[in-house]
Every structure is written in structure tokens, then in C-alpha cells.
1. Can you tell me, using C-alpha contacts under 8 Å and at least 6 residues apart, the relative contact order of segment 29-267 as a whole percent?
2. If one computes the Cα centroid of segment 227-244 and of segment 49-115, what distance in Å separates the two points?
3. Could you work out how far apart the two model spin labels at residue 288 and residue 31 are, taking each label as a point 7 Å from the Cα in the direction of the beta carbon, and quote it in nm?
4. If each residue's Cβ is checked for other Cβ atoms within 10 Å, how do 238, 221, 174 rank with the fewest at the top?
5. Which of 207, 288 comes first, and how do the rest follow, when ranked by fewest Cβ neighbours within 10 Å?
6. Cut-off is 10 Å between beta-carbons; in what order do 132, 184 appear when sorted fewest neighbours first?
7. Using square roots of five times the C-alpha gyration tensor eigenvalues, list the equivalent-ellipsoid semi-axes of segment 57-109 in whole Å, biggest first.
8. In 10 Å bins starting at zero, report the fraction of Cα pairs in segment 29-267 per bin as a rounded %.
């Protein structure tokens, strides 16, 4: 009886695609890959089984994206009520990316796709950082619950979207230091990723202001063993330093623009709802004593009346006990 045989030539693309998928996963063992993918699917599942996402600021985000997407649509009132302000604003990445997806998908569906990329990106970004540091990557799955934290409930999507990119930036920085043959390639990726972080939210960019110098000082490079003098040690680190220049330059240009804003704040007036950077009119300042008194409450996100402090103490005791035993 004749049998159907598959040509080896026809099988190559499938094998090539399989190799590409395996390369994107942070684990190498087949069972571990299956478990990792299952965890990612389950981690993103709440976004798709909920009819309404419990995010306080989500309605205004969707409305703003709708306005941006149809700003020139004569069938709406948007052209007469709104105008685009063409200047650097380090949180518009989320709005414009979802607006682009909105050309292919309904707005709410496009937003869920974006949020799925964020939730999945948290463990993948952490896994990339761990692998860059030469560590096991499976603990990256512990970041999945953090994707649904306090900022998610408030709907701070711009800030949340920058977090996976922040982890990727740290990993790219480490690889630019340690992977000598491909330093230039990793440095270009670092430059692009750092700019992307700034365009999603400047606060995550601020975290990198502490994290990247720490990695620079604590990460050994292959040339250190034979290096003599500070210049010889600094030379292999130059590509990593150059990789942060575009993002830092963009950040400084934004700061200069912010200081150039008009000093008066007029709620409801065009372009005057927010004053200069660090203006007391923008920020609610707290004294040292108030910050000290609220430190643990804010850190643990406890109830204002302290009714959940005992579970907090129990978790703290377990953590201290594990640290002592381990």
C-alpha cells in the first residue's frame, strides 16, 4: 500500500519555527518550557475572562485613545474640541501603540492585547535579566502576581507598560558589558529599549538611574582579568555607556521643556493644567514625620485602620525565619 511521505524540504520551515519559539523561551528543558508557557497563559487569563477589568483609570485611558485615534474624524466633535500637542511627553507610548492596534482591532480588544503583552512581559523581562546575570530563569515566574498589583488596580497602565522594558534594559546593559563579541549589537538594543522606557513612563526611567550604575559597578567584564589601570577597565564598558546616551539626552531635553512651561496653573485652560517640574502647585508635599509614620503602611499597602497588620506581621515573621534558616 502506498504511504504518504513528507519531504524533508517541507519539514524544514516547521523545525525552523520551532527553534525560533524555543529561543524566545527562557528555559531549555522541554518540560520546563511547557510549564513556563502554561504559567504565562494562566497569568494572562484573568484579562480575558473578566467582562470589565477592575482598573480605576481605564475608562479615561480608553476615551483618550479614542480621541487620538479619531482626532481628524469629521463625523465626531473631536476636531472642534481637541487639538494635538506636538511635543515630547514621556507617557504617550501606551496611547499611540493601542491607537495603532485600534486600526486592526476594536479599541477594548486592542487594549486587552496590550495588557496581555504587559503581563506576559513581566516574567519574560525578568527571565532575560536573570539569564543575563547567569542565574536560573524560573524564579521570573514569581513576577506574575506582581503584574496585578496596586498600580494595576488604579489603572496606571503607562507606568506598568514601562516595567517589563525596564527589566529588559537591565539585561541588555549586562550583556553589553559581558558579551564581548556582540557588544555593539547589545548596545544598540539598549539604546532603543531605554528610549522606549522613557516614552512609556518617566518614573520607570528613574529606577534605571539607580539600577544601571549599580550594574556598571558590580558586573565584571571579560577584560578585567588582564586589565591594568582604570582606562583599560573603562574601555570595554564604553559601549554600555554609549547605549544610555540617547535615552539620557531625550530625558534631559524633556526636563528642559518642562522647566520652560508657564508657571501659572489654570485647571480647564488649554496647556495649563500642569505647571513646571517640581512645582509645589503640582505636588502634595509631606513632612518627614508624616512620611515616617506612614512608611510601613504604604510599603505593605495595608488598610488605613491597620486591621490587617497581624497577617502582615505573620508574613514578615515567615520571611525573617526563612532568611535566618537559609
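1. Numbers: 263 pairs, mean separation 44.5, N = 239.
Rounded, it is 19 percent for segment 29-267.
2. Taking the Cα centre of each part, segment 227-244 and segment 49-115 sit 43 Å apart.
3. So the label points at residue 288 and residue 31 sit 5.6 nm apart.
4. Details: 238 12, 221 18, 174 24.
With the fewest neighbours first, 238, 221, 174 line up as 238, 221, 174.
5. Working: 207 16, 288 7.
Arranged by neighbour count, lowest to highest, 207, 288 become 288, 207.
6. Working: 132 24, 184 12.
Least crowded to most crowded, the residues run 184, 132.
7. Details: eigenvalues 55, 47, 22 Å².
Calculated on Cα positions only, the semi-axes equal 17, 15, 11 Å.
8. 7, 26, 31, 23, 10, 3, 0
No lab work stands behind these numbers, since they all come straight from the coordinates. Here the structure is a predicted model, which means the values were calculated and not measured. Cβ coordinates were reconstructed from backbone atoms using ideal geometry, including for glycine residues, and neighbour counts include every protein chain displayed.
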